[in-house]
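Contents: one structure, followed by commentary.
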Amino acid sequence: MAAQGTKVIGARVVDDGDLITGGGITAGLEVSLWLVERFLGAKAAQRAEVVLEYERRGTVWRA
């Protein structure tokens, strides 16, 4: 991708404001939890982690 001129970001979730992407097998969970945090707050995302029995491990890059 970098050879095509794309800026490659080393994060599991990338949020540039208009587009949110995730990389990796469990990145769908990471993106989902990020969206919960972005729209409903950190406490709601933490509660969702408990319910899903999944702890976020990746980083979120924001533009």
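Per the listing 27, 11, the residue uniquely out of contact with any strand residue (DSSP E or B) (no Cβ under 6 Å at 6 or more places or on another chain), under 12 Å from residue 58 (Cβ atoms) and surrounded by 14 or more Cβ atoms within 10 Å (Cβ to Cβ) is 27.
If you go through the range 11-63 and keep only what is in contact (Cβ under 8 Å) with a residue 40 or more places away in the chain and of a type outside the set (D, E, K, R), you end up with 11, 13, 14, 17, 58, 59, 60, 61, 63. Would you pick out the residues in the range 30-63 that are touching a helix residue (DSSP H, G or I) at 6+ places or on another chain (Cβ under 8 Å), open to solvent by 70 Å² or more (accessible area, probe 1.4 Å) and assigned to a helix (DSSP H, G or I)? Selection gives 52 alone.
Scanning the range 14-24 for residues that are closer than 16 Å to residue 59 by Cβ and of a type in the set (Asp, Glu), which turns out least open to solvent (accessible area, probe 1.4 Å)? Of everything passing the filter in the range 14-24, 15 is least open to solvent (accessible area, probe 1.4 Å).
The values are calculated or read from the model by the stated rules, or taken from the named source; none is laboratory data. Please read these numbers as outputs of a predicted model, since none were measured by experiment. Quick reminder, even Gly has a Cβ in these numbers, built from the backbone with ideal geometry, and neighbours come from all protein chains shown. All accessible areas refer to the heavy atoms of the entire protein, side chains included, with ligands and DNA or RNA removed. Shrake-Rupley method; radii C 1.70, N 1.55, O 1.52, S 1.80 Å.
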